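Enquirer: Take a look at this one; I'll ask things after.
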Amino acid sequence: MLELPHVLTHIKEKRGEAFVFTTMGSAREWSKGEIQERDFMYIPSSMGQLPALALGFALAQPSQRVIAVNGDGCMLMNLGALVTISANAPKNLVLCVVNNGEYEVTGHQPTVAHSSRRVSGDISFSEIAKGAGWASTTTVYSVEDLDACDEILFHAAGPHFIELMVTPMTGDVSPRSPGPAAARAHALRELVLSVDLGYPG
C-alpha cells in the first residue's frame, strides 16, 4: 500500500507544467508544501464534483495537461462523472482516485466500497471506470507501480484513470482551506487569461 504524502510528492516533483486539482484529504496534504499558481485546491468543496471541474478545465484548455486527485468517498458521490468524461474523451486529463476505504476527513467512517462492508467480491474503481468506457485504467498498489505509471501520469495522451491504493492518514485529518475559494478561483481565471494557454475567449 502507498502513503498519500508519497503519492502527492511524486506528482509534485514530476508534474512539469501540468495543472493539478486536489480536494478533501489530498488538498489538505498538497497545501502543506510549496504551492504553484497552477495548483487548485478545491476546498471548501461540493463533495464529488472535482472530476466535473477538472473535465471542464481540460476541455477549455486542450493544450494543457490536467491532473485531478480525487478521493474514493468523493468518487462514490458522483460515479456518473466517469461516463461523462469517457464520452468527451479529453486527451489531456488524468483522473486519480485515492482509495483508502474511508471518509477520512469526516471521522474515518468506512465507505460502502470498503472491504468490511462488502457482501461479496472486490470493489474496484478502475474496473468501474473501465466499464464506464475509459480505455486506460490502472490500479497502483506500490511505489514500484507508481513509478511505472509515470508515462500515463505525465505524458501519454488520455484520458487516464488511476486508482491509488493508500493507507488512511492518522492524526488531524480535517480539511484546510488555503484561502477564500472565490479569490483562488479568480486567481486561476486570471492566470488562464494572462498566459497563452489556448483560452477560447
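The values are calculated or read from the model by the stated rules, or taken from the named source; none is laboratory data. Being a predicted model, the structure only gives us computed values, none of them experimental. A quick note on method: Cβ atoms are made from the backbone with ideal geometry, for glycine too, and the neighbour counts reach across all protein chains shown.
Enquirer: Scan segment 78-87 and tell me whether some residue there is more than 17 Å from Gly131 (Cα to Cα), crowded, with 17+ Cβ neighbours inside 10 Å and touching a Phe, Trp or Tyr at 6+ places or on another chain (Cβ under 9 Å).
Expert: no
Enquirer: Residues to consider are Ala87, Ala81; find the one that is over 30 Å from Pro110 (Cα atoms), of a type outside the set (S, T, N, Q) and without any contact (Cβ under 8 Å) to a residue 60 or more places away in the chain.
Expert: Exactly one of Ala87, Ala81 is over 30 Å from Pro110 (Cα atoms), of a type outside the set (S, T, N, Q) and without any contact (Cβ under 8 Å) to a residue 60 or more places away in the chain, namely Ala87.
Enquirer: Could you please find all residues in segment 73-109 being of a type in the set (D, E, K, R) and either outside any helix (DSSP H, G or I) or modelled with pLDDT of 95 or more (or both)?
Expert: Those that are of a type in the set (D, E, K, R) and either outside any helix (DSSP H, G or I) or modelled with pLDDT of 95 or more (or both): Lys91, Glu102.
Enquirer: Let me ask something additional. All but one of (1) surrounded by fewer than 20 Cβ atoms within 10 Å (Cβ to Cβ); (2) touching a Gly at 6+ places or on another chain (Cβ under 7 Å); (3) in a helix (DSSP H, G or I) hold for Pro62, so report the exception by its number.
Expert: In the conditions (1) surrounded by fewer than 20 Cβ atoms within 10 Å (Cβ to Cβ); (2) touching a Gly at 6+ places or on another chain (Cβ under 7 Å); (3) in a helix (DSSP H, G or I), Pro62 misses (3) alone.
Enquirer: Quick check on Glu163: is it surrounded by fewer than 22 Cβ atoms within 10 Å (Cβ to Cβ), among the acidic types (Asp, Glu) and modelled with pLDDT of 85 or more?
Expert: no
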